[in-house]
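The values are calculated or read from the model by the stated rules, or taken from the named source; none is laboratory data. Please read these numbers as outputs of a predicted model, since none were measured by experiment. Cβ: placed from backbone, ideal geometry, glycine included. Neighbour counts: every protein chain shown. Quick note on the areas: whole protein, heavy atoms, side chains included, nothing else; ligands and nucleic acids left out. Shrake-Rupley method; radii C 1.70, N 1.55, O 1.52, S 1.80 Å.
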2 protein chains.
Amino acid sequence: MDSSRRSFTRESAEHRREALIRATLTLIGRKGVQAATVRGIADEAGVTLGLIRHYFDGKDDLIYAAYQAHMSQLTDATMEGPRQAGEPAAHQLARIVRASLTPPVSSPQAVGLWAGFLNMVQRDPRMAEVHSRTYYDFRDRLQALIAPALEEAGETPTPERLRALAIACNAVIDGLWLEGGALPEAFGPGELVNIGLTSVGAILGLTLNDPGEET
Amino acid sequence: MDSSRRSFTRESAEHRREALIRATLTLIGRKGVQAATVRGIADEAGVTLGLIRHYFDGKDDLIYAAYQAHMSQLTDATMEGPRQAGEPAAHQLARIVRASLTPPVSSPQAVGLWAGFLNMVQRDPRMAEVHSRTYYDFRDRLQALIAPALEEAGETPTPERLRALAIACNAVIDGLWLEGGALPEAFGPGELVNIGLTSVGAILGLTLNDPGEET
DNA sequence: CTTATATTTATACAAACGTATAACAACAAG
DNA sequence: CTTGTTGTTATACGTTTGTATAAATATAAG
């Protein structure tokens with residue numbers, strides 16, 4: 001007769017919300033959307049399922065928060081490292097390409113997670129909003145770097161051409177990110193980074209140098 | 001007391017399997033993986049849920065069959081139209097780019113569907129096998145077209161360079177396909193096709209002409 | 001040390017899930 | 001017209017799902 005209750009400690013709201021979000025991401029990334037049940041998430045976070053409703057309006061609300069957290073985490077990791085004073089834009093562009101195509105940004109977990117969320121986009125308008133905001137945000141940042149990189153090479157593109165270049169560079173980075181994450185064993189070490197740098201360079205008509213490992 | 005049974009007609013095994021697969025794809029594409037329940041699928045196919053177990057080993061088996069069907073359908077629609085005798089390889093390459101970036105290949109349904117399946121890839125080895133087979137198949141077909149296209153332009157690439165070019169072209173097509181399908185309102189009509197042709201051309205160092213609408 | 005608060009656990013509940021099985025009926029064969 | 005086969009429906013079963021609510025206890029306040 002074990003009538004003892006499970007012991008627990010009180011935590012701050014922010015800490016608990018974060019733990020539940022992380023547990024959700026871990027589960028979806030490891031076992032897919034179907035594994036992200038309230039009980040599974042609570043287990044992974046080390047709490048009982050009632051807490052989810054205490055900190056979120058419901059499961060959907062938690063999923064939504066997790067999607068936002070994952071995407072901003074992904075963007076942050078990609079854009080890591082601010083542009084140094086006097087650093088050529090082309091150099092920072094190369095750093096972004098490298099960060100996008102190496103772990104942890106490009107990994108089976110990150111891609112699986114992203115795919116699971118993308119499948120929800122067409123059903124839930126709030127999820128769709130996160131998707132479109134994330135896309136535009138990344139593409140705009142890319143465009144804001146492509147413009148000066150071209151200027152450094154002596155070219156001043158029209159707005160239409162600049163837009164097309166940003167869309168194209170975004171697409172090739174996304175495609176390589178996706179394939180490297182979903183099929184990691186298909187590519188040699190550094191292969192995708194090299195291909196990414198070469199391809200973005202070819203599209204822009206520039207030569208991008210491998211920025212090397214971040215320290 | 002309505003004790004009448006629902007009337008039905010017998011169908012061939014192939015016809016029924018196809019109907020169940022199509023219903024599964026419709027549901028996942030419209031409402032996400034979570035909506036693809038045995039009852040929902042049976043409803044969509046106009047039968048009762050028992051039939052699923054009659055034609056498939058279980059729900060997972062149906063999902064697997066649906067994934068295979070969707071991917072081969074996608075590949076077929078992309079590669080539609082065999083190469084004409086004497087047609088330049090570059091021309092067929094352009095046709096593939098156009099087909100990849102216009103409906104029905106690039107559409108919210110197709111992309112949502114693909115994302116839902118991709119999320120299952122890391123959990124189920126059979127799904128992973130379909131994913132990797134589909135990827136290699138498409139990339140190999142691309143590579144088999146890139147080689148003669150370069151030769152037509154007087155270039156004979158090394159195997160390493162040919163591989164890198166195929167990976168890069170595949171990636172930019174995939175990326176544009178993805179973004180056009182997931183965010184259709186973000187691009188003007190024909191915009192993605194133009195960007196795709198320009199980008200693939202820039203990567204290969206060729207000029208690809210818009211093949212125009214298929215008749 | 002007491003008391004109050006609200007975080008956390010525990011339990012309950014209806015609905016929906018995938019699967020199993022029995023009953024029915026459409027169609028072919030004779 | 002009768003019979004046999006099996007595609008199909010109908011129903012039931014145990015499990016899991018998300019949510020709701022009551023009970024308990026960790027912690028801060030007095």
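Would you confirm whether or not the range B:187-196 contains a residue that is over 20 Å from A:R161 (Cα atoms) and surrounded by fewer than 20 Cβ atoms within 10 Å (Cβ to Cβ)? Let's see the steps before the verdict.
Here is the first cut: in the range B:187-196, the ones over 20 Å from A:R161 (Cα atoms) are none.
No, there is no match, as no residue in the range B:187-196 is over 20 Å from A:R161 (Cα atoms) and surrounded by fewer than 20 Cβ atoms within 10 Å (Cβ to Cβ).
Restricting the search to the range B:174-197, which residues are within 7 Å of chain A (Cβ to nearest Cβ) and in contact (Cβ under 8 Å) with a residue 24 or more places away in the chain?
Matches in the range B:174-197: B:L176, B:L178, B:A182.
Wholly within the range A:1-96, which helices (runs of 4 or more DSSP H) include no fewer than the required count, namely at least 1 residues that are away from DNA strand D (no atom under 15 Å from the Cβ) and open to solvent by less than 100 Å² (accessible area, probe 1.4 Å)? Write out each step before concluding.
Numbers: elements: A:13-31, A:38-45, A:50-55, A:59-78.
Hits in the range A:1-96: A:13-31, A:59-78.
Condition test on B:I167, is it in contact with a Lys or Arg (Cβ under 9 Å, 6 or more places away or on another chain), assigned by TED's automatic domain parsing to the domain that holds B:L142, within 24 Å of B:E152 (Cβ to Cβ) and not in a loop (DSSP other than H, G, I, E, B)? Give the steps one after another, and end with the answer.
Details: in contact with a Lys or Arg (Cβ under 9 Å, 6 or more places away or on another chain): yes; assigned by TED's automatic domain parsing to the domain that holds B:L142: yes; within 24 Å of B:E152 (Cβ to Cβ): yes; not in a loop (DSSP other than H, G, I, E, B): yes.
So B:I167 passes the test.
Pick from the range A:1-44 the residues that are basic (K, R) and within 13 Å of DNA strand C (Cβ to nearest atom): which of them is nearest to A:Q73 (Cα to Cα)?
Step one: of the range A:1-44, the residues basic (K, R) are A:5-6, A:10, A:16-17, A:22, A:30-31, A:39.
So of that shortlist, the ones also within 13 Å of DNA strand C (Cβ to nearest atom) come out as A:5-6, A:10, A:16-17, A:39.
On the way: A:R5: 37, A:R6: 33, A:R10: 27, A:R16: 18, A:R17: 16, A:R39: 25 Å.
The residue in question is A:R17.
How about the range A:145-174: which of its residues are among the small types (G, A, S) and over 27 Å from the mean Cα position of the chain (by Cα)?
Initial filter on the range A:145-174 (among the small types (G, A, S)): A:147, A:149, A:153-154, A:164, A:166, A:168, A:171.
A:A153, A:G154 - these are the residues of the range A:145-174 that are among the small types (G, A, S) and over 27 Å from the mean Cα position of the chain (by Cα).
Over 30 Å from A:G112 (Cβ atoms), at pLDDT 95 or above and in contact with a Cys (Cβ under 9 Å, 6 or more places away or on another chain) - does that describe any residue in the range A:187-210?
Among the residues of the range A:187-210, at least one is over 30 Å from A:G112 (Cβ atoms), at pLDDT 95 or above and in contact with a Cys (Cβ under 9 Å, 6 or more places away or on another chain), which makes the answer yes.
Filter the range B:112-171 down to the residues that are touching a Pro at 6+ places or on another chain (Cβ under 9 Å), crowded, with 17+ Cβ neighbours inside 10 Å and more than 12 Å from chain A (Cβ to nearest Cβ) and list them by number.
B:I146, B:A147, B:A149, B:L150
Look at B:R139 and say whether it is under 15 Å from the mean Cα position of the chain (by Cα) and without any contact (Cβ under 8 Å) to a residue 40 or more places away in the chain.
Values: under 15 Å from the mean Cα position of the chain (by Cα): yes; without any contact (Cβ under 8 Å) to a residue 40 or more places away in the chain: yes.
Yes; evaluated as a whole, the condition is true for this residue.
Residues in the range A:45-63: is at least one within 16 Å of DNA strand C (Cβ to nearest atom), hydroxyl-bearing (S, T, Y) and more than 22 Å from B:A36 (Cβ to Cβ)?
yes
Name the residues in the range B:99-109 that are within 11 Å of another protein chain (Cβ to nearest Cβ) and in a helix (DSSP H, G or I), would you?
First, pick out the residues of the range B:99-109 that are within 11 Å of another protein chain (Cβ to nearest Cβ): B:101, B:107-109.
Result: B:P108, B:Q109.
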